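Engineer: Please find one structure pasted underneath; my questions will follow.
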Amino acid sequence: MIDAHHHLWDTAKREYAWMDGPWADPIRGRFDLARYTEATGAESSVVVQAVMDEAETAELLAAPVAGVVGWTDLTAPDVAGRLAALRAAGPLVGIRHLVQDEPDPAWLARPPVIRGLAAVGAAGLVYDLLVKPPQAAAALDVVRRLPEVSFVLDHAGKPDIAGGMWEPWAGWITDLAALPNVTVKLSGLVTEAARDWKPADVLPYARHVLSAFGPSRTMYGSDWPVCTLAASPGQVRALAEEAVAPDDRYEVFGETARRIYQLS
């Protein structure tokens, strides 16, 4: 199995501005690779940046993981050189920016960002889309404008499951899935549901993602340790297994991530 999405951090060492209230207290502290492995039992994994800081990415690149989705300033004039330096430092497989926190919902479509995204594709890297519904239109536009770039949608676009959102999210997922250069992560859904969530609350969203993208363009991610705000890693995996047909699990739980992220 490949866990295509988890984090590692130490909040005593670095500030994570998005942890902006008491709700985040359970995930403050040191969440290192040993703790992750003990919690999940994952055989192989892709660790994903959680702060917009190249120093964090450099630390993640030193970890013994299959791949790293890191961060660099996409708008920097020397973005190609920055990407090359990060690739030389470790198993960089992709880049991500915390777009969901940008005040401008069209941040992704800004010309300097478009140039940076094109550089990511030219470097043979994947770009992970971390967006919420307010950024959905810009994300769809950018994926269409850059067919040469491989995009991965994190957490299925973070639908408001707790609020009962279906449309326009479901239609947007269908539109994204029609574009061959985007893949989706079956991850992060339990934390978008109500705290007393039941499988029946989350499964329709997971199954719509699977129906739209198919198993060859869907990959599983635990989203540890964020997932522990709503469920144990075992519950998250069991829920994904319930959503995915047995014949499709080989791809969703490993092969898709291996192919898209070009993992050795």
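Engineer: Quick one: if you stick a label point 7 Å off each Cα along the C-beta vector at ASP73 and GLU255, how many nm between them?
Structural biologist: 4.3 nm
Engineer: Please list, in chain and number order, the residues 5+ apart from LEU186 or on another chain whose amide H is under 5 Å from its amide H, with Hs placed from the backbone.
Structural biologist: Hits under the 5 Å cutoff: MET219, TYR220, GLY221.
Engineer: A follow-up question, please. I need to check one value: relative contact order of the chain, counting alpha carbon pairs closer than 8 Å and at least 6 residues apart, in percent.
Structural biologist: Result for the chain is 19 percent.
Engineer: For segment 117-129, in order, what is each residue's ³J(HN,Hα) by Karplus, 6.51 cos²θ - 1.76 cosθ + 1.60 with θ = phi - 60°, in whole Hz (x at glycine and Pro)?
Structural biologist: Calculated HN-Hα couplings, in order: 5, 4, 5, 4, x, 5, 7, x, 9, 9, 10, 8, 8 Hz.
Engineer: Among the lysines, which fall within straight-line cross-link reach of LYS158, defined as a Cα-Cα distance under 24 Å, with same-chain neighbours fewer than 8 residues apart omitted?
Structural biologist: Hits, sequence-local ones excluded: LYS132, LYS185, LYS198.
Engineer: How far is it, in nm, from the label point at ALA200 to the one at GLU15 when both lie 7 Å from their Cα along the line to the Cβ?
Structural biologist: 4.5 nm
Engineer: Hey, could you pull the Cα Rg and Dmax for segment 84-166, both in Å?
Structural biologist: Gyration radius and largest Cα-Cα distance of segment 84-166: 13.5, 44 Å.
Engineer: For SER150, what residues show an amide H to amide H distance below 5 Å, using hydrogens built from the backbone and excluding near sequence neighbours?
Structural biologist: TYR127
Engineer: What is the log10 of I(q)/I(0) for segment 126-264, computed with the Debye formula using one identical point scatterer on each Cα and no solvent, at q = 0.10, 0.13, 0.18, 0.19 Å⁻¹?
Structural biologist: Debye intensities relative to I(0), on a log10 scale: -0.29, -0.50, -1.00, -1.11.
Engineer: Suppose R0 equals 22 Å; then what is the FRET efficiency for ALA34 and GLU148 from their Cβ-Cβ distance, rounded to the nearest 0.05?
Structural biologist: It comes to 0.05.
Engineer: Taking a ≥ b ≥ c as the square roots of the Cα gyration tensor eigenvalues, with a/c under 1.5 meaning rounded and otherwise prolate when a/b beats b/c, else oblate, which class fits segment 1-122?
Structural biologist: It comes out oblate by the Cα gyration axes.
Engineer: Sticking with this structure for a sec: Report the gain in length on full extension from GLU242 to ALA58: 0.36 nm times residue separation, minus Cα-Cα distance, nm rounded to one decimal.
Structural biologist: 62.6 nm
Engineer: Can you compute the modelled spin-label distance between ASP175 and LEU229, with each label point 7 Å from Cα toward Cβ, in nm?
Structural biologist: 2.7 nm
Engineer: Further question on the same structure: So what is the calculated 222 nm ellipticity per residue for the chain, using -39500 (n - 2.57) for each DSSP H run with n of 4 or more, over all residues, to the nearest 500 deg cm²/dmol?
Structural biologist: -10000 deg cm²/dmol
Values in this text are rule-based calculations from the coordinates and carry no lab data. Computed from a predicted model, the values in this text were never measured in an experiment. As a convention, Cβ positions derive from the backbone with ideal geometry for all residues, glycine included, and neighbour counts pool all protein chains shown.
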